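Values quoted throughout were computed directly from the atomic coordinates according to the rules given, and no laboratory measurement underlies them. Remember, it's a predicted structure, so these values are computed and weren't measured experimentally. Here Cβ is always computed from backbone atoms with ideal geometry, including for glycine, and neighbour counts include all displayed protein chains.
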Amino acid sequence: MNKYNLGYWENFYKKFFYNKPSNFAKYILKKKYINKKSNILEIGSGNGRDTFYFLKKKINCLSIDKSKEAISRNSKKIKNVFIRLDITKVSKKKISFFKRKQIKHIYARFLLHTLTSKEEEKFFNFCDQVLVKNGLLFVEFRTTLDPLIKIGKVLSKNERFTDHYRRFIEVKDLIKSLKRKFKVIYYKKGFGLAKFEKDNPNICRLILRRK
Ligand SMILES: C[S@@+](CC[C@H](N)C(=O)[O-])C[C@H]1O[C@@H](n2cnc3c(N)ncnc32)[C@H](O)[C@@H]1O
């Protein structure tokens with residue numbers, strides 16, 4: 001587990017109740033990337049705001065998060081959707097469990113930049129193992145052009161620590177590292193896509209097809 005974030009998300013979900021769906025979730029449904037008869041596995045679902053949106057739109061959804069607080073709050077609202085799991089430590093038994101689900105789509109919003117690069121590698125390995133062939137992977141994350149890179153303790157070139165850890169992602173390096181397993185079918189980068197209160201991050205959206 002990322003040592004810089006120990007306990008951070010547990011406390012965060014005791015006081016974060018914003019429940020509107022993200023623009024990214026709305027975008028992928030609007031553009032019909034997801035067939036309604038299909039399914040989504042959300043990873044790093046937080047307070048479940050996008051999962052609840054997908055469910056409302058009648059899309060079958062399973063969601064993973066490592067935060068006990070978030071999973072227990074969400075599970076009080078609906079049973080058998082939210083699973084507490086650290087995506088960087090998934091057992092073979094759990095991998096088989098997800099494989100049996102025939103996952104067609106994986107969705108991870110604002111997760112990648114909370115992971116170290118080693119953890120990111122584990123995340124993509126997990127996706128590669130459980131996503132069906134030609135399945136789609138949707139990711140949205142902060143890039144190296146994000147203004148928040150200018151604040152906090154400098155841990156390395158692209159890693160910062162404020163009250164929690166962030167790793168600002170170099171998009172071209174990420175795409176290069178994924179080339180063998182995933183094909184990029186949609187790419188967008190910039191400001192204005194994920195404004196929230198005073199934060200107008202520079203983010204990247206990628207939609208990847210598993211080869
Ligand atoms: C920035 S929040 C994003 C939440 C949600 N996707 C959203 O857009 O509102 C990142 C989430 O990823 C979860 N997370 C971080 N590392 C994780 C890991 N290794 N395994 C599973 N979930 C993780 C955190 O608990 C937190 O809920």
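Length gained on full extension, residue 75 to residue 186: 36.7 nm, using 0.36 nm per residue less the C-alpha separation.
Quick one: in the chain, what % of C-alpha pairs are over 30 Å apart?
Working: 3420 of 22155 pairs.
Cα-Cα pairs of the chain separated by over 30 Å account for 15 percent.
About its Cα centre, how strong a charge dipole does the range 50-154 have in debye, to the nearest 20, once Lys and Arg get +1 and Asp and Glu get -1 at the Cβ?
Details: 25 positive and 10 negative charges, 132 e Å.
Approximately 640 debye in magnitude.
Here's the picture: charge each Lys and Arg Cβ at +1 and each Asp and Glu Cβ at -1 in the range 60-115, and of 83, 102, 70 the one pushed furthest to the positive end of that dipole is 102.
Hey, got the dipole for the range 57-100? About the Cα centre, +1 on K and R Cβ, -1 on D and E Cβ, debye to the nearest 20? Mind dumping the intermediate values first?
Details: 15 positive and 3 negative charges, 38 e Å.
The dipole of the range 57-100 has a size of about 180 debye.
What you get for the chain, charging only the Cβ of Lys and Arg (+1) and of Asp and Glu (-1), is a dipole of about 1020 debye around the Cα centre.
Shown for 91, 63, 117: other C-beta atoms within 10 Å of each C-beta, ranked fewest to most, produce the order 91, 117, 63.
Using Cα-Cα distances under 8 Å and only pairs 6 or more residues apart, what relative contact order does the chain have, in percent? Intermediate values should be presented prior to the final figure.
Working: 370 pairs, mean separation 38.7, N = 211.
That works out to 18 percent.
Placing pseudo-labels 7 Å out from each Cα toward the beta carbon at residue 198 and residue 155 gives an inter-label distance of 2.3 nm.
Summing Lys, Arg as +1 and Asp, Glu as -1, what charge do residues with Cβ under 9 Å from the Cβ of residue 63 carry, residue 63 excluded? Walk me through the numbers before you get to the answer.
On the way: positive: none; negative: 42, 50, 65.
Net of charged neighbours comes to -3.
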